[in-house]
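The values are calculated or read from the model by the stated rules, or taken from the named source; none is laboratory data. On a predicted model such as this, the values are computed, not experimentally measured, just so you know. A quick note on method: Cβ atoms are made from the backbone with ideal geometry, for glycine too, and the neighbour counts reach across all protein chains shown.
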Amino acid sequence: MYFGLSEDQLMLQDSVGRYLEGASELEEVRKFVDGDGALAETLHTGLEELGVPFVLLPEAQGGLGMGVLEASLISEALGRHVSPSAFTAAYGMAVIGLREAGDEDWLSQIAAGSARMGVGLTEAIGARDNAGLSLSGDTVSGRASFVMGADGATHFLLTTSDGQGGDQMIVVERGAKGVSETELTTIDRTRTVLTLDLDNAPVAVVAGNNHAEAQRKMIDAGRVLLAADTLGAAAMMLEKAVDYSKTRDQFNRPIASFQAVKHMCAEMAAKLEPCRSMVWYAAYAQDNVPEEASLMACLAKSHVSEVGKFVARTSTEVHGGMGFTDLLGLHYWFKRIGANRQLLGGPEKLRAEAAELQGWG
Amino acid sequence: MDLNFTQEYEDFRAEVRGFLDKHKDNAPSRSDRSVRSKKRLAWQALLLENGYAARTHPKEYGGYGAAPDALKARIIAEEFARAGAPGGISGQGINMLVPTLLELGTDEQKDKYIQPTLSGEMVWCQGYSEPGAGSDLASLRTAAVVDGDDFVINGQKIWTSTAQFADMMFCLVRTEADAPKHQGISYILIDMKTPGIEVRPLMTMTGFAEFNEVFFTDVRVPVTSIVGNRGEGWMVANATLTHERGMLGDPDAALGRLRAIAEIMQSEHIDGKPLMGDAVYRDRLVKLQAEAQAMKLNGMRLTTLASEKKSSGMAGLLVKLQGCELNHQMAELAIDVMGEYGILYEDSPFARDKGMWQTHYMFDLGLIIGGGSAQIQKNIISERGLDMPREPKPAPGTFKAN
């Protein structure tokens, strides 16, 4: 029995972390947020050299054949450095869905770099009014409301979920006839989210016939990766709060020596540290404990989102007025955590699903 | 990450199961808290013989003498819980005094006390806290003055659980009146039958006397009763305080408690419908389940760190604070879902589980306060875990509240 990371996993975590520490500095992230989109591509190229996009791709397609645990370490590092990246959707969820469906053609294209997929599964989780897609022959129409991983996407992997189990996974090409996109302005400008409106857009249906199951796995894994992203962002916010409190003097002493401040930091640490074990296990369960995969994804994302919200707010308070300004840029982490909380299901929705999975209610 | 056990450990698990299958009918009930019942002592003897109690303690003092192995310790705990059998006696004598004696006791003290403590025949209580020395334990004032071959002790201890049954007390007393407060303390062992000791039960909000007050009036104990040197008691005691913090908070027990609440919510009905149908209560239940799960997984990480002999760091420091709070919140939910039935207590007609959840709710608040209060835990986490500075202390007598 060994509950922890292996040497290889620690090396992966270390190499991605060290790369992002240099390449994804806050000043660079600011430029991206201000409209210079170059950082997402720079990071994509840099992470490609470390093998990051290939982590979940099967070895048959030239991938590394690793699991969601390895992917979660990458997401954690991306969250820690508020890095613009389509990783969660393009190389996490999309690859898992296509792998499960057995669509080797698309997997090969992703491995070759000729396809990069944004993912829109909001309607498979819960459709708001005027949203959802319907297939008609070989075209699709309707709206996919929150498409993740849009940075650098060449295609979109979407669902025709109707809530009745008749789900089909489809791919549309970005910029094809009948595909119009609206870039959304979210609180989190470090990652781009789109709404797609499709009007008889040409469509490729994904191979295989187990699409409901494939979608389930994409959503579960996506939730775990978002939890990992929040874990990384929150850990950084805690470190920043502790560091800041040691340098900020009031009443002739560092505020780190006041119990009021120490206790805020202790509460953040005490709540956050168990989240690390929880993310590891939820990620591990995706590949190794299938009967717990969905439940653990719901429990982990709901819990880490709650703790993340607490850390985001508390760290900002420890920074006092400076935490509220743009000068420090702490708000980029605050907003990343806030966006992750809502994507692929907020805590209440996830807990309701967790109850249902256990036959409660 | 590998959650499977190797063959060596699977074999060990089978061995523990075999033992329990054969013997568990002789076990006292898990709720049997009586000290020194024949059944309990016989069970302890059987566990000692087979290495399921005092497993790593030296053989010469009645232990089993096995090498420390966190995975085997965990397997024993898991299998005993699964069989519903109580584990070995885990009082303050075994958990706190014995490790201290093994490290710092004289050969004579080891010979005299360890074996009967492990067997359960000798029961200990801990004399640390005083009415004026709680979180600031080092300000304790119970005094021991040397007179011939004896210490003469005067003062008062409080929060002394099991004092009414105990044969012996391990106790912190002030022996060096003029030394700085941390350097004036000694750690001594006191026979509870010594004249001048009075034990008074301390009734708590639960309606039970879980603790006692102990008064010392000219109590004489031989100077050889000291563990370590005079004035070194603070250092001696800190070794055992570390053991106490590690003892509290059992993540597997938290998930067990959660399952019990889920059962209440399924079996209790309101207007003919199970309470589990209420989305608000269900949300609270799953929220606590997620926290309990996170703590359980944190515990698995700690097991691995212990088995690799690595420092547990932050993952260990948080256990008491988070574990006690979680248990308290679970009891709160159980009471809330029972509604008006939730206020029934003890032998009231219609009481569920004899009002046990109210007992938990109150007693767990005591655990949040005791054994290093939540606020002291946060100081420890911030100072040892986050390397934040201690709060500066004003000079004695310079600070007044008004």
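Write out, first by first residue and then by second, each pair whose Cβ atoms fall under 6 Å of each other, whose residues are 6+ apart or on separate chains, and whose first residue, in the stretch B:381-400, is closer than 27 Å to B:GLN322 by Cα while the second is β-branched (Val, Ile, Thr) and assigned to a helix (DSSP H, G or I).
Cβ pairs passing all conditions: B:LEU386/A:VAL242.
Would the stretch A:141-151 turn up any residue that is farther than 27 Å from A:LEU78 by Cα and of a type outside the set (Ser, Thr, Tyr)?
Step one: of the stretch A:141-151, the residues farther than 27 Å from A:LEU78 by Cα are A:141-143.
Subset that is of a type outside the set (Ser, Thr, Tyr): A:142-143.
Taking every residue of the stretch A:141-151 in turn, at least one turns out to be farther than 27 Å from A:LEU78 by Cα and of a type outside the set (Ser, Thr, Tyr).
Of all residues in the stretch B:338-360, how many are over 24 Å from the mean Cα position of the chain (by Cα), among the aliphatic types (A, V, I, L, M) and assigned to a helix (DSSP H, G or I)?
Total meeting the criteria: 2.
Considering (1) more than 26 Å from A:GLY338 (Cα to Cα); (2) within 14 Å of another protein chain (Cβ to nearest Cβ); (3) buried (at least 22 other Cβ atoms within 10 Å of the Cβ), say which one A:LEU5 fails and leave the rest.
(3)
Would you please name the residue that is nearest to A:SER24 (Cα to Cα), looking only at residues in the stretch A:310-330 that are buried (at least 18 other Cβ atoms within 10 Å of the Cβ) and out of contact with any Cys (no Cβ under 9 Å at 6 or more places or on another chain)?
The residue in question is A:LEU330.
I'd like the full set of residues that are surrounded by 20 or more Cβ atoms within 10 Å (Cβ to Cβ), under 24 Å from A:GLU267 (Cα atoms) and either at pLDDT below 95 or out of contact with any Asp or Glu (no Cβ under 7 Å at 6 or more places or on another chain) (or both), limited to the stretch A:339-349.
Across the stretch A:339-349, the qualifying residue is only A:ARG341.
Looking only at residues in the stretch B:268-292 that are within 27 Å of B:ILE75 (Cα to Cα) and within 9 Å of chain A (Cβ to nearest Cβ), which one is surrounded by the fewest Cβ atoms within 10 Å (Cβ to Cβ)? If you could, list the steps in order and put the result at the bottom.
Kept after step one, since they are within 27 Å of B:ILE75 (Cα to Cα), are these residues of the stretch B:268-292: B:288-292.
Subsequent filtering for residues that are within 9 Å of chain A (Cβ to nearest Cβ) retains B:289-291.
Numbers: B:GLN289: 26, B:ALA290: 27, B:GLU291: 24.
It comes out as B:GLU291.
Run down A:LYS262, A:LYS271, A:LYS246 and say which single residue is touching an Asp or Glu at 6+ places or on another chain (Cβ under 8 Å) and within 8 Å of another protein chain (Cβ to nearest Cβ). If you could, list the steps in order and put the result at the bottom.
Details: A:LYS271 fails: touching an Asp or Glu at 6+ places or on another chain (Cβ under 8 Å); A:LYS246 fails: touching an Asp or Glu at 6+ places or on another chain (Cβ under 8 Å).
None of the other options fit; the residue is A:LYS262.
For the stretch A:129-182, which residues satisfy the criterion of being of a type in the set (Val, Ile, Thr), out of contact with any Ser or Thr (no Cβ under 9 Å at 6 or more places or on another chain) and within 10 Å of A:MET117 (Cα to Cα)?
A:VAL171, A:VAL172
Counting only residues that are part of a loop (DSSP other than H, G, I, E, B) and not small (Gly, Ala, Ser), how many does the stretch B:68-109 have?
Keep residues of the stretch B:68-109 that are part of a loop (DSSP other than H, G, I, E, B), which gives B:68-69, B:84-91, B:105-106.
If we keep only those that are not small (Gly, Ala, Ser) too, we end up with B:68-69, B:86, B:89, B:106.
Going through the stretch B:68-109 one residue at a time, the tally reaches 5.
Here's the yes/no breakdown for (1) buried (at least 16 other Cβ atoms within 10 Å of the Cβ); (2) in the same structural domain as A:ALA127 (by TED's automatic domain parsing); (3) among the polar types (S, T, N, Q):
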| residue | (1), (2), (3) |
| --- | --- |
| A:GLY166 | no, yes, no |
| A:THR185 | no, yes, yes |
| A:LEU196 | yes, yes, no |
| A:ASN200 | no, yes, yes |
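Which pairs turn up if I take residues in the stretch A:197-213 that are among the aromatic types (Phe, Trp, Tyr) and look for partners that are assigned to a helix (DSSP H, G or I) and surrounded by 16 or more Cβ atoms within 10 Å (Cβ to Cβ) with beta carbon separation below 7 Å, at least 6 apart in sequence or on another chain?
As it stands, the answer is none, since no pair meets every condition given.
Kindly indicate which of B:PHE12, B:PHE19, B:PHE5 is over 16 Å from B:GLY120 (Cα atoms), in a helix (DSSP H, G or I) and within 14 Å of chain A (Cβ to nearest Cβ). Please lay out each step first, then the result.
On the way: B:PHE19 fails: within 14 Å of chain A (Cβ to nearest Cβ); B:PHE5 fails: in a helix (DSSP H, G or I).
Selected residue: B:PHE12, the only one of B:PHE12, B:PHE19, B:PHE5 that is over 16 Å from B:GLY120 (Cα atoms), in a helix (DSSP H, G or I) and within 14 Å of chain A (Cβ to nearest Cβ).
With A:ALA300, A:ALA221, A:ALA312, A:ALA282 as the choices, which residue is more than 11 Å from chain B (Cβ to nearest Cβ), in contact (Cβ under 8 Å) with a residue 40 or more places away in the chain and under 26 Å from A:GLY118 (Cα atoms)?
Values: A:ALA300 fails: more than 11 Å from chain B (Cβ to nearest Cβ); A:ALA312 fails: under 26 Å from A:GLY118 (Cα atoms); A:ALA282 fails: more than 11 Å from chain B (Cβ to nearest Cβ).
Only one candidate passes the filter, namely A:ALA221.
Could you grab me the full set of residues in the stretch A:1-57 that are under 20 Å from the mean Cα position of the chain (by Cα), among the hydroxyl-bearing types (Ser, Thr, Tyr) and over 13 Å from A:ILE74 (Cβ atoms)?
Within the stretch A:1-57, A:THR42, A:THR45 meet the criteria.
Just to check your reading of the model, which residue among A:GLU292, A:GLU306 is among the acidic types (Asp, Glu), in a helix (DSSP H, G or I), surrounded by fewer than 24 Cβ atoms within 10 Å (Cβ to Cβ) and without any contact (Cβ under 8 Å) to a residue 40 or more places away in the chain? Don't jump to the end; show me each part of the working.
Numbers: A:GLU306 fails: without any contact (Cβ under 8 Å) to a residue 40 or more places away in the chain.
The unique qualifying residue is A:GLU292.
On the basis of being on the phi > 0 side of the Ramachandran plot, touching a residue at least 40 places away in the same chain (Cβ under 8 Å) and in contact with a helix residue (DSSP H, G or I) (Cβ under 8 Å, 6 or more places away or on another chain), does A:GLY361 make the cut?
Details: on the phi > 0 side of the Ramachandran plot: yes; touching a residue at least 40 places away in the same chain (Cβ under 8 Å): no; in contact with a helix residue (DSSP H, G or I) (Cβ under 8 Å, 6 or more places away or on another chain): yes.
Answer is no for this residue.
Conditions (1) within 9 Å of another protein chain (Cβ to nearest Cβ); (2) in a helix (DSSP H, G or I); (3) in contact with a helix residue (DSSP H, G or I) (Cβ under 9 Å, 6 or more places away or on another chain), marked per residue:
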| residue | (1), (2), (3) |
| --- | --- |
| B:ALA294 | yes, yes, yes |
| B:MET300 | yes, yes, yes |
| B:THR304 | yes, yes, yes |
| B:SER311 | no, no, yes |
| B:LYS320 | no, yes, yes |
| B:ASP336 | no, yes, yes |
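Quick check on the stretch B:350-397: of everything there that is on the phi > 0 side of the Ramachandran plot and not small (Gly, Ala, Ser), which residue is nearest to the other protein chains (Cβ to nearest Cβ)?
Step one: filter the stretch B:350-397 for residues on the phi > 0 side of the Ramachandran plot, giving B:350, B:353-355, B:371-372, B:387, B:397.
Filter once more, keeping what is not small (Gly, Ala, Ser): B:350, B:353-354, B:387.
On the way: B:PHE350: 25, B:ASP353: 20, B:LYS354: 26, B:ASP387: 8 Å.
Here the answer is B:ASP387.
Residue by residue through the stretch A:16-57, note down the ones that are of a type in the set (Gly, Ala, Ser), part of a helix (DSSP H, G or I) and either surrounded by fewer than 16 Cβ atoms within 10 Å (Cβ to Cβ) or within 14 Å of chain B (Cβ to nearest Cβ) (or both). Explain how you work it out, then say what you get.
Kept after step one, since they are of a type in the set (Gly, Ala, Ser), are these residues of the stretch A:16-57: A:17, A:22-24, A:35, A:37-38, A:40, A:46, A:51.
Narrowing the set further to residues that are part of a helix (DSSP H, G or I) leaves A:17, A:22-23, A:38, A:40, A:46.
Of everything in the stretch A:16-57, those that are of a type in the set (Gly, Ala, Ser), part of a helix (DSSP H, G or I) and either surrounded by fewer than 16 Cβ atoms within 10 Å (Cβ to Cβ) or within 14 Å of chain B (Cβ to nearest Cβ) (or both) turn out to be A:GLY22, A:ALA38.
If you check B:LEU41, B:LEU48, which single one turns out to be crowded, with 18+ Cβ neighbours inside 10 Å and assigned to a helix (DSSP H, G or I)?
Details: B:LEU41 fails: crowded, with 18+ Cβ neighbours inside 10 Å.
Criteria check complete, one pass: B:LEU48.
From the list A:HIS211, A:HIS263, exactly one residue is surrounded by fewer than 23 Cβ atoms within 10 Å (Cβ to Cβ) and farther than 20 Å from A:GLY17 by Cβ. Which is it?
Values: A:HIS211 fails: surrounded by fewer than 23 Cβ atoms within 10 Å (Cβ to Cβ).
Answer to the selection: A:HIS263.
Only one of B:ARG230, B:ARG220 is of a type in the set (Lys, Arg) and part of a strand (DSSP E or B). Can you tell me which? Walk me through how you get there before you give the answer.
On the way: B:ARG230 fails: part of a strand (DSSP E or B).
Just a single option satisfies the conditions, and that option is B:ARG220.
Any residue that is among the aromatic types (Phe, Trp, Tyr) and closer than 18 Å to A:ALA115 by Cβ - is there at least one of those in the stretch A:15-37? Step through it out loud before you land on a result.
If we filter the stretch A:15-37 for residues that are among the aromatic types (Phe, Trp, Tyr), which is where we start, we get A:19, A:32.
Within this subset, residues satisfying the condition of being closer than 18 Å to A:ALA115 by Cβ are none.
Within the stretch A:15-37, none of the residues are among the aromatic types (Phe, Trp, Tyr) and closer than 18 Å to A:ALA115 by Cβ.
Regarding the stretch A:240-259, can at least one residue be identified that is surrounded by fewer than 24 Cβ atoms within 10 Å (Cβ to Cβ), of a type outside the set (Asp, Glu), out of contact with any helix residue (DSSP H, G or I) (no Cβ under 6 Å at 6 or more places or on another chain) and at positive phi?
Within the stretch A:240-259, one or more residues are surrounded by fewer than 24 Cβ atoms within 10 Å (Cβ to Cβ), of a type outside the set (Asp, Glu), out of contact with any helix residue (DSSP H, G or I) (no Cβ under 6 Å at 6 or more places or on another chain) and at positive phi.
Only one of (1) of a type outside the set (S, T, N, Q); (2) under 19 Å from the mean Cα position of the chain (by Cα); (3) at pLDDT 95 or above is not met by B:ILE94, so which one is it?
Only one criterion in (1) of a type outside the set (S, T, N, Q); (2) under 19 Å from the mean Cα position of the chain (by Cα); (3) at pLDDT 95 or above is unmet by B:ILE94, namely (3).
For the subset of the stretch A:323-361 comprising residues that are within 14 Å of chain B (Cβ to nearest Cβ), within 23 Å of the chain's Cα centre (by Cα) and assigned to a loop (DSSP other than H, G, I, E, B), which member is nearest to A:GLU306 (Cα to Cα)?
Here the answer is A:GLY346.
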